[in-house]
1. Only one residue in B:V4, B:V50 is within 11 Å of chain A (Cβ to nearest Cβ) and crowded, with 20+ Cβ neighbours inside 10 Å, so which one is that?
2. Do we have any residue at all in segment B:58-79 that's open to solvent by 10 Å² or more (accessible area, probe 1.4 Å), farther than 20 Å from A:F90 by Cα, facing chain A (nearest Cβ under 9 Å) and not hydrophobic (A, V, I, L, M, F, W, C)?
3. Based on this model, can you work out whether B:D56 counts as of a type in the set (D, E, K, R) and either in contact with a helix residue (DSSP H, G or I) (Cβ under 7 Å, 6 or more places away or on another chain) or more than 18 Å from A:V4 (Cβ to Cβ) (or both)?
4. Tell me which residues, restricted to segment B:10-27, are surrounded by fewer than 16 Cβ atoms within 10 Å (Cβ to Cβ) and under 20 Å from B:H95 (Cβ atoms).
5. Could you tell me which residue of segment B:98-110 is surrounded by the fewest Cβ atoms within 10 Å (Cβ to Cβ), considering only residues that are assigned to a loop (DSSP other than H, G, I, E, B) and either charged (D, E, K, R) or within 11 Å of chain A (Cβ to nearest Cβ) (or both)?
6. Please report, ordered by residue number, the strands (runs of 3 or more DSSP E) entirely within chain A with at least 2 residues that are within 15 Å of the chain's Cα centre (by Cα), free of Cβ contacts under 8 Å to residues at least 12 places away in the same chain and away from chain B (no Cβ under 11 Å).
7. So which residues in segment A:52-72 are under 18 Å from B:Y96 (Cβ atoms) and open to solvent by 40 Å² or more (accessible area, probe 1.4 Å), if there are any at all?
8. Within the bounds of segment B:28-37, is there any residue that is within 21 Å of A:Q38 (Cα to Cα), within 14 Å of chain A (Cβ to nearest Cβ), basic (K, R) and open to solvent by 10 Å² or more (accessible area, probe 1.4 Å)?
Amino acid sequence: AQSVTQLGSHVSVSEGALVLLRCNYSSSVPPYLFWYVQYPNQGLQLLLKYTTGATLVKGINGFEAEFKKSETSFHLTKPSAHMSDAAEYFCAVSDPGNQGGKLIFGQGTELSVKP
Amino acid sequence: NAGVTQTPKFRILKIGQSMTLQCTQDMNHNYMYWYRQDPGMGLKLIYYSVGAGITDKGEVPNGYNVSRSTTEDFPLRLELAAPSQTSVYFCASTHYNEQFFGPGTRLTVL
């Protein structure tokens, strides 16, 4: 069975500081990995995804993530936080061979950005 | 394209009442999903569908039913509402590994 663990339910950074949101997964097969962002009272929006190929993937709004198979991790980073980055972030995993494309989500990390 | 739309946005139900949450997508996606989101729990899959006429249970299906008579529509039915079903419900559809989410329905059962 697949699972996702996000380390830290709340992360607070200062504007301009590095953002690092941690995600570890468990999967018996090479997974597809995703990061979604949710702004208050809205649905989820895809930030970036890893399926195959280059392990460093770039997404929208300056975010990127690196797939590290040996560490079973897919941490999300952004060099310089902006006030508009304050939101909840979800890491998710899917099994490429699973009919239905079902996602397993982590519990989410709420990012606060201080001025 | 409107994407994935959900109605209503908000609803308060009394215990034992029933209701249907509507979900429509205009992207001609075959795969559709219903999730519930509870604080600190992430999103849990309730039901999903891989095409019209085909539905299957997700992780937390108890107390819910779905149907998929067309590609566009995937309604979620609550027959006997319970306080444990107080949550935010999201519908989604998939294209090339990316799930597109609706804006959500916030449901309170009192």
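The values are calculated or read from the model by the stated rules, or taken from the named source; none is laboratory data. All of these numbers come straight from a predicted model, not from anything done at the bench. Here Cβ is always computed from backbone atoms with ideal geometry, including for glycine, and neighbour counts include all displayed protein chains. Remember, those area values only see protein heavy atoms, side chains included, never the ligands or the DNA or RNA. Shrake-Rupley method; radii C 1.70, N 1.55, O 1.52, S 1.80 Å.
1. It is B:V4.
2. Looking for residues that are open to solvent by 10 Å² or more (accessible area, probe 1.4 Å), farther than 20 Å from A:F90 by Cα, facing chain A (nearest Cβ under 9 Å) and not hydrophobic (A, V, I, L, M, F, W, C), one finds none in segment B:58-79, hence no.
3. Yes, satisfied.
4. Scanning segment B:10-27 gives B:D26, B:M27.
5. Looking at the filtered set, the residue picked out is B:P103.
6. A:56-58
7. Matches in segment A:52-72: A:T52, A:G53, A:A54, A:K58, A:I60.
8. Scanning segment B:28-37, I find at least one residue that is within 21 Å of A:Q38 (Cα to Cα), within 14 Å of chain A (Cβ to nearest Cβ), basic (K, R) and open to solvent by 10 Å² or more (accessible area, probe 1.4 Å), so the answer is yes.
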